[in-house]
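Okay, so here's the structure we're looking at.
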Amino acid sequence: MTGGRIVAAEVLLTSPGRNYVTLKITTVDGVVGWGDATLNGRELAVAAYLREHLCPQLVGRDAARIEDTWQYLYRGAYWRRGPVTMTAIGAVDLALWDIKGKVAGLPVYQLLGGAVRDRVRAYTHATGWEVAQLCDAVDAATERGFSAVRVQSGVPGLDTVYGVGRGPAYEPAGRGTVPAEEVWDTAAYLRHVPGALAEVRAHTGPGLALLHDAHHRLTPIEAARLGKALEPVDLFWLEDVTPAENPDVLRRVRAHTTTPLAIGEVFSTLWEFQQLITEQLIDHARAAVTHGGGISALRRLAALADVWQVKVSPHGPSDVSPIAMAASVHVALATPNHGIQEYMGYPGQVHEVFRHAWTCTDGHLHPGDTPGLGVEVDEALAARFPYEPALLPVARRRDGSMTDW
Ligand code: CS2
Ligand code: MG
């Protein structure tokens, strides 16, 4: 049995604490495959792309032909690449790998060649407006068993800062149809962050892996300066120092600092990573499994990155659904040059809607041994949480001009 023809492809929207878009593919044999199609703040664009354009093309296709379907949808778009297209293709790819695993009776990582490690190292987030609060949050993460923690601190004079929440958990997308506006001041950030992170390092001692995300906000020379200033902190990585559009600028950053760099959560294809990898301008490729075109695409990225000693360390905030998290962890378990998996965690009811075999214990993830991806969606429960519009914030400088959030 190979899985047979696809008889239905449907899109589900649910919001158990935050919005998720899910693709459900059913075969003639009644096998169901699940794919994550969530693109934070632009959910309905991907839902429409799937419903209007891809689902009708999927019905009647052989579910077993994963790579052919990927090529068909990618090359067939003509208007290829871009986050909406690639998230939709990624969702299809995940659902078809799920079906293939279920038909074979094997977890997806076995289909990818089997485990190359026993478990997948994960990092989680710690945030604090004040350094003391941040150190407490780091301690809470290490008490949960994490050996790697992303640290984001408040900046004096700013009321909102990327990555730092007002409540117990940080969730950037806000409900409503108009985005929240934040004020950003790079000079204040650069004045404060090296000292704040040095205090965190003094608090933790040398062993703990510390990561920091600059969220696309710096110019090349600012990024170089920050990387250099953070060298004594011994970061595991400094993430998204400059905006994604121009990879060439990373050469300048690299010329000035040996702080490891991680980039790629907003990338959609291998080609956006090509120069960063082949010129060794980054140390970690941060693709998200769905946004980057699925398991098939992430494996290609890992193969290219391996040649240049770059690690693949996928994106994993709460907007990457438990289905995509499962896919990411299956790939991680079976991929030699996997680096680390981000694990931000989810609002409570997400775990009930998406019942998953993957586990996060002692700071490590494991995909479990359930056939397929190992996630089943409770559709009745999902229907009780209807989609509500939510958007990521926008950012302005102190003079009112727009900048990168
Ligand atoms: C982030 C994300 O996890 C990360 O590294 O940069 O929190 C990002 O801001 C969100 O995924 C946006 O949807
Ligand atoms: Mg990031």
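The numbers here are math on the coordinates, done by the rules we state, and not lab data. All of these numbers come straight from a predicted model, not from anything done at the bench. Cβ: placed from backbone, ideal geometry, glycine included. Neighbour counts: every protein chain shown.
Cross-link check: pairs Lys24/Lys311; Lys24/Lys100; Lys228/Lys311 evaluated at a Cα-Cα cut-off of 24 Å; pairs beyond the cut-off: Lys24/Lys311. Take the Cβ atoms of Val116 and Ile221, set R0 to 56 Å, and the FRET efficiency comes out at 0.90.
Segment 42-170 has equivalent-ellipsoid semi-axes of 40, 23, 11 Å, by the square roots of 5 times the alpha carbon gyration tensor eigenvalues, sorted largest first. Between Asp369 and Gln274, full extension at 0.36 nm per residue minus the direct alpha carbon distance yields a gain of 30.9 nm. Annotation: extensible slack from Ala188 through Val32 equals 51.1 nm (criterion: 0.36 nm per residue apart, minus Cα-Cα distance). The distance from the alpha carbon centre of segment 248-270 to that of segment 154-200 is 22 Å, rounded to a whole number. The distance between label points at Ala8 and Ala45 comes to 3.0 nm (points 7 Å beyond Cα on the Cα→Cβ vector). Considering only the Cα atoms of segment 111-370, their convex hull presents on average a projected area of 13.7 nm². A cut-off under 15 angstrom between Cβ atoms defines the neighbours of Asn337, and their net charge, with Lys, Arg +1 and Asp, Glu -1, is +4. Dimensions of segment 270-405 based on its C-alpha atoms, expressed as ranges along the principal axes with the largest first, amount to 50, 49, 28 Å.
Helix content alone sets the calculated 222 nm mean residue ellipticity of the chain: runs of n ≥ 4 DSSP H residues at -39500 (n - 2.57) each, divided across all residues, give -10500 deg cm²/dmol.
Helix 66-76 and the longest principal axis of the C-alpha atoms of the chain enclose an angle of approximately 70°. What shape does segment 205-258 take by its C-alpha gyration tensor, where a ≥ b ≥ c are the square roots of the eigenvalues and a/c under 1.5 counts as rounded, a/b above b/c as prolate, and the rest as oblate? Cα axes put segment 205-258 in the prolate bin. In segment 178-279, the inverse of the mean reciprocal separation of distinct Cα atoms equals 14.5 Å; this is its Kirkwood hydrodynamic radius. Largest mean-square fluctuation among Trp358, Trp79, Trp237, in a Gaussian network model of the chain whose springs join Cα atoms under 10 Å apart, belongs to Trp79. Taking Ser147, Ser318, Ser328 in turn, the Gaussian network model of the chain (Cα-Cα springs below 10 Å) assigns the largest fluctuation to Ser147. Rounded to the nearest 10 degrees, what's the angle between the helix 322-334 long axis and the longest principal axis of the chain, both from Cα atoms, 0 to 90? Around 80 degrees separate the two axes. Relative to the dominant Cα principal axis of the chain, helix 295-307 is inclined by about 50°. Here the Gaussian network model covers the chain, with springs between Cα atoms less than 10 Å apart; of Asp248, Asp306, Asp62, Asp248 fluctuates the most.
The relative contact order of the chain comes to 23 percent, based on Cα pairs under 8 Å that sit 6 or more residues apart.
Roughly how many whole Å is it from the C-alpha centroid of segment 336-366 to that of segment 202-238? First find each Cα centre; the distance between them is then 25 Å. With a simple spin-label model that places each label point 7 Å from the Cα along the Cα-to-Cβ direction, the separation between Glu52 and Val394 comes to 2.3 nm.
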